Structure formats: structure tokens, C-alpha cells
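Q: Got a structure for you, written out below as C-alpha cells; questions coming shortly.
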Amino acid sequence: MLSIPANRLFCIALLLLVVPAAATGAPVTRTLSTAEPGAGEVFTVSLSIDGVALGAVVETLPPGYTFVGTDHPEDRVLVRGQQAGFAVMNDTRITYSVRAPVSGSGAAITGTWEDFLSGAEGVVAADGIETAAESGGADSAHPAAQAAASPFAVLAAVAGLLIAAGRGGRR
């Protein structure tokens, strides 16, 4: 068994590894400016980002939709075909414009996000065209946007139990 100073040092090191990974359940939520864009209409898409210090969001537009532009820094945006990628560096909101197709569609914008520091990733919340009121606002939690469970959380729980068990009879 580790001595008390070594045990404390081990716990501190473990916490430094676990806390940043477990603290990020950084969902990204999509909100559209209109419930039903008209044929050829340009509408705004807002991405609300919570807790991603360094990462990326990739949005995939349905066939017929066209990426028009963004307020995000030009050197942090990459558009290829139907996909628009945004580099995230402590951003809380990214806004971009899309032109609806002249006819048909009704398909949903889809997207994924990744937090490079914690390794968490997920699906951008909101499927289809919803307004802020319909989706519960940009800050609403959406099950699809939750981060994948981190194995570090399990390690933290086990370490906590071991520490508590080791101190059970000592005073």
C-alpha cells in the first residue's frame, strides 16, 4: 500500500487527469431563424457552444441547400460541397447563413462536434428546421448532444472508493 504522502500525490495527479475530461459534456445546439424557409430564402443558423475550449463543429447541409456565409473568422472555416467545418477556440456562438433550395427538400441539417482537449464528441442538437421557441432555446439540453461517457469518470470513481476504503480505520 502507498504511504500517505504518496497516496495524496497519486490522488492529485489522478484528479488533474480526470477533472478536465469529466467536466466537459459540451453540447452544441443548433437554432434556425425560421421554421420553414421559403424557396430560395436565405436564413440564419446559430450554433450555441458550451464548454469547448478547442475543437470543431462540422455541419452537413441537405442536397439543394447552399452555404452563403458566416461571421466566424475566415481562417477558421472550411466549406466543401455540402459540409461546413468550423474551428472552435473558446467560441460560444457561431452564426452562418444558408440558402434554401428553390423546390422540394424538407431534409434536416445535421452536424457533429468534437472537443479536442477532452476527446468528447457528439451530435449537434436539433434535427430539422426549428426555431429557438420550438427547441426550448439555444441553452436547452438535448439528449443527442451529450458527450460520450469518458472512461476517466470510472477511474475517478474507483480511485475515490480506494482512497475512502484505505482511510476507513485510520485517524
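Read the figures in this text as sums done on the coordinates, not as results from a lab. Note that the coordinates shown come from a computational prediction; the quantities given were computed from them, not determined experimentally. Reconstructed Cβ throughout: ideal geometry from the backbone, glycine too, with neighbour counts over all protein chains shown.
Q: Can you give the relative contact order of the range 28-134 as a percent, counting alpha carbon pairs under 8 Å and 6+ residues apart?
A: On the way: 251 pairs, mean separation 40.5, N = 107.
Relative contact order for the range 28-134 comes out at 38 percent.
Q: Ordered by residue, what ³J(HN,Hα) values in Hz, to whole numbers, does the range 91-99 give under the Karplus form 6.51 cos²θ - 1.76 cosθ + 1.60, where θ = phi - 60° and Gly and Pro are x?
A: Karplus-based 3J(HN,Hα) across the range 91-99 equals 7, 10, 8, 10, 10, 9, 10, 9, 9 Hz.
Q: Another question, then. For Asp50 and Leu78, FRET efficiency with R0 = 25 Å and r from the beta-carbon atoms, rounded to 0.05? Mind showing how you got there, number by number?
A: Working: r = 23 Å, r/R0 = 0.91.
The value I calculate is 0.65.
Q: So, counting K/R as plus one and D/E as minus one, what does the shell of residues with Cβ under 10 Å around Val98 add up to? Show your work: numbers first, answer last.
A: Working: positive: Arg99; negative: Glu41, Glu59.
Result for the local shell: -1.
Q: Quick one: which residues, 5+ away or cross-chain, put their amide H under 5 Å from the amide H of Glu41? H built at 1.01 Å from N.
A: Close amide H contacts, sequence-distant or interchain: Ala100.
Q: Ratio to report: Rg/Rh of the range 28-134, with Cα atoms as the point set and Rh obtained by the Kirkwood method; give two decimals. Provide the component values of the computation, followed by the final result.
A: On the way: Rg = 13.3 Å, Rh = 13.9 Å.
Across the range 28-134, the Cα-based Rg/Rh ratio is 0.95.
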